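Student: Here you go, one structure.
The values are calculated or read from the model by the stated rules, or taken from the named source; none is laboratory data. Here the structure is a predicted model, which is why all the values come from computation and not from measurement. Every residue, glycine among them, receives a Cβ derived from its backbone with ideal geometry; neighbour counts consider all protein chains shown. Side chains included, ligands, DNA and RNA excluded: accessible areas come from the protein's heavy atoms. Shrake-Rupley method; radii C 1.70, N 1.55, O 1.52, S 1.80 Å.
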2 protein chains.
Amino acid sequence: VNLLEGVKKGDPLSVSRAITAAENGTPEGRTLLDAIAPLVGRALRVGFTGPPGVGKSTTIDALVQVIRSKGERVGVIAVDPTSPFTGGALLGDRIRMGKSTEDAGVFMRSMATRGTTGGLSRATQDAADLLDASGAARILIETVGVGQSEVEIARAADLTIVILSPESGDGIQAMKSGILEIADVVLINKADRTGADKLEHDLRGAFDLRPSRRQADIPILHSEAFRGKGIPELLAGVDAAVAARKENGEFDRRRRENMVRRLRSLAEYMIERDLWAEDGAGGKLVTLAEEVLNHARTSYQAAELLVREALKTR
Amino acid sequence: VNLLEGVKKGDPLSVSRAITAAENGTPEGRTLLDAIAPLVGRALRVGFTGPPGVGKSTTIDALVQVIRSKGERVGVIAVDPTSPFTGGALLGDRIRMGKSTEDAGVFMRSMATRGTTGGLSRATQDAADLLDASGAARILIETVGVGQSEVEIARAADLTIVILSPESGDGIQAMKSGILEIADVVLINKADRTGADKLEHDLRGAFDLRPSRRQADIPILHSEAFRGKGIPELLAGVDAAVAARKENGEFDRRRRENMVRRLRSLAEYMIERDLWAEDGAGGKLVTLAEEVLNHARTSYQAAELLVREALKTR
């Protein structure tokens, strides 16, 4: 109850502990998430993605300053990439955002990959719910790369901003990787460098070629985040896009779509958690694998047995 | 039965149809997969991955020629990247491998992303089983990028070859992306270009820094696949690595590990297929999402309801 009250009051330590409890899937975490649910849905959630090196952190830091100057509380969730094999975080540079960290109106949290894509996505959305309930008006969700899981997380927001820079073929990479397809706003950062106008031109060309209806009115903004240039305009652009979407119903439609995806992945997470518990079907995996290799069963027969085993325990 | 006999005889059209049936998850596909299971396990499966542009297709084409010159039958499965959002394949350039396609001893198949990572991985492994049963001695599985799903597919082989080129920081990218961690053999293609020796030096340095026991004896080979140079040596390197692994038990251990992963993902696929069928829990998704957004239920309560609903139908 203390933790719940702390979260509701916006106490940073309580929020931090609550996010950890939720992330670890403890019963306390689950109880908290159910308890704060009525308070969830007020904050605007903005996702940021783009290739490494375009200045996502710098942009978000600058944006946080602008939001704070308006007196709004803001939460930042930075989703770190990790090697899928070692589980170790690649980025140790979360000691950043100098100005923001001493400000009680700003809450920051890094989330790292925990095994599965679904797990990270779940943890990120639970953390956003907790920040929402704690009174943050805006929640900025930053993913550090353009892998599919990171793109999934960035698009699970109300609005997704794709950040590019004029350097090193990022534009072409972005078009190829499919991240432009989730962009609601494109920000060309480091816009003072050579190639910014060409990149914008190429992006417009790419958008025009696409049949999808939303591409035509995707704002392409420029910034030099390091100097704070273009960041108030970014915030204004976000607010204008949100207002337009609330007007035409797109905002609610997107929230519904996102919630459908979220419930799907949450249900899958719950089933897999039970399925692979050591005392459940998980304990039979190695034996079954050997049986398949020895032709005592086929792979599909073995998988069916695992499923029946898993479902028996519920 | 005709299709089964065709596959067993190595008839290309039968194999092609069988792979399609398996990919689509039809009852006929399932029956076939169960029927050919006793014949599976004889072929050597080699996975290839690496950043775009390093010459993977050229390398595999050249390798196919060398394998054919020894009289062995070979199957090639090319796993194409697609945008996770449009579902459209990016690569239209599968009209390649000119020499190989007229040779009845070579079977080629492209697989494209079908919704989920798990689905593509399942389809690729089923296709490899069918090729195995059809009498291919070697199955080469090529993934076109270094995304996590592609890496998962490449490592599901008996041996994984990571191809790099000296160009454009591929080495650093490879180290960062984690693909080196799945390399059993590293091939530096385009080895005539500047930087090949430096790349090898950097790779050795990176391997030496790692604690993992296998890194020390990862062969780093050079090739100029376009001219066929270094490709017989690649085949010899693969065969030497396989012989060493069969000797020390690593080969069987790896097959067991791969089968454990395969059964896990197959069981998850089966559950999710039932879970999201329109006439099952899937049909309740939108209503539940709206209830969560209206605070009539929490997200976890809604997901639990979905799980109960799904399991009821089994």
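Student: For the structure I just gave you, tell me whether B:ARG73 is at negative phi, under 20 Å from the mean Cα position of the chain (by Cα) and surrounded by fewer than 20 Cβ atoms within 10 Å (Cβ to Cβ).
Tutor: Taking the combined requirement at face value, the residue does not satisfy it.
Student: Residues of the range B:280-305 being among the β-branched types (Val, Ile, Thr) and open to solvent by less than 70 Å² (accessible area, probe 1.4 Å), which ones?
Tutor: B:VAL292, B:THR298
Student: Which one is farthest from B:ALA104 (Cα to Cα), of the residues in the range B:15-24 that are within 18 Å of the chain's Cα centre (by Cα) and open to solvent by 10 Å² or more (accessible area, probe 1.4 Å)?
Tutor: Among those that are within 18 Å of the chain's Cα centre (by Cα) and open to solvent by 10 Å² or more (accessible area, probe 1.4 Å), it is B:ASN24.
Student: If I filter the range A:229-240 down to residues being among the aliphatic types (A, V, I, L, M) and open to solvent by 20 Å² or more (accessible area, probe 1.4 Å), which single residue comes out as farthest from the other protein chains (Cβ to nearest Cβ)?
Tutor: A:ALA236
Student: Out of the residues in the range B:246-268 meeting the condition of being open to solvent by less than 30 Å² (accessible area, probe 1.4 Å) and in contact (Cβ under 8 Å) with a residue 24 or more places away in the chain, tell me which one is farthest from B:VAL186 (Cα to Cα).
Tutor: Within the range B:246-268, the match that is farthest from B:VAL186 (Cα to Cα) is B:LEU266.
Student: Now, a different point. Being part of a helix (DSSP H, G or I) and within 21 Å of A:ALA112 (Cβ to Cβ) narrows it down to one residue among A:ALA37, A:ALA22; which is it?
Tutor: Step by step, each of A:ALA37, A:ALA22 is checked, and only A:ALA22 is part of a helix (DSSP H, G or I) and within 21 Å of A:ALA112 (Cβ to Cβ).
Student: Checking the structure you have, find out if any residue of the range A:26-33 is more than 14 Å from chain B (Cβ to nearest Cβ), at pLDDT 90 or above and either assigned to a helix (DSSP H, G or I) or more than 19 Å from the chain's Cα centre (by Cα) (or both).
Tutor: Among the residues of the range A:26-33, not one is more than 14 Å from chain B (Cβ to nearest Cβ), at pLDDT 90 or above and either assigned to a helix (DSSP H, G or I) or more than 19 Å from the chain's Cα centre (by Cα) (or both), which makes the answer no.
Student: Kindly indicate whether A:THR59 is touching a Phe, Trp or Tyr at 6+ places or on another chain (Cβ under 9 Å), farther than 13 Å from A:ALA127 by Cα and touching a residue at least 60 places away in the same chain (Cβ under 8 Å).
Tutor: So A:THR59 passes the test.
Student: Please count how many residues of the range B:268-297 are under 21 Å from A:GLU272 (Cβ atoms) and assigned to a loop (DSSP other than H, G, I, E, B).
Tutor: Adding up the residues that qualify gives 3.
Student: Could you please give the count of residues in the range B:274-304 that are at the interface with chain A (Cβ under 9 Å from one of its Cβ atoms), farther than 24 Å from A:ARG42 by Cα and modelled with pLDDT of 80 or more?
Tutor: The number of residues fulfilling the criteria is 1.
Student: Would you confirm, using the coordinates I've provided, whether B:ILE271 is open to solvent by less than 80 Å² (accessible area, probe 1.4 Å), more than 10 Å from chain A (Cβ to nearest Cβ) and of a type in the set (A, V, I, L, M, F, W, C)?
Tutor: So B:ILE271 fails the test.
Student: On to the next question. Which of the residues belonging to the range B:34-70 are open to solvent by 30 Å² or more (accessible area, probe 1.4 Å) and within 11 Å of chain A (Cβ to nearest Cβ)?
Tutor: Residues satisfying the conditions are B:ASP34, B:ALA35, B:PRO38, B:LEU39, B:GLY41, B:PRO52.
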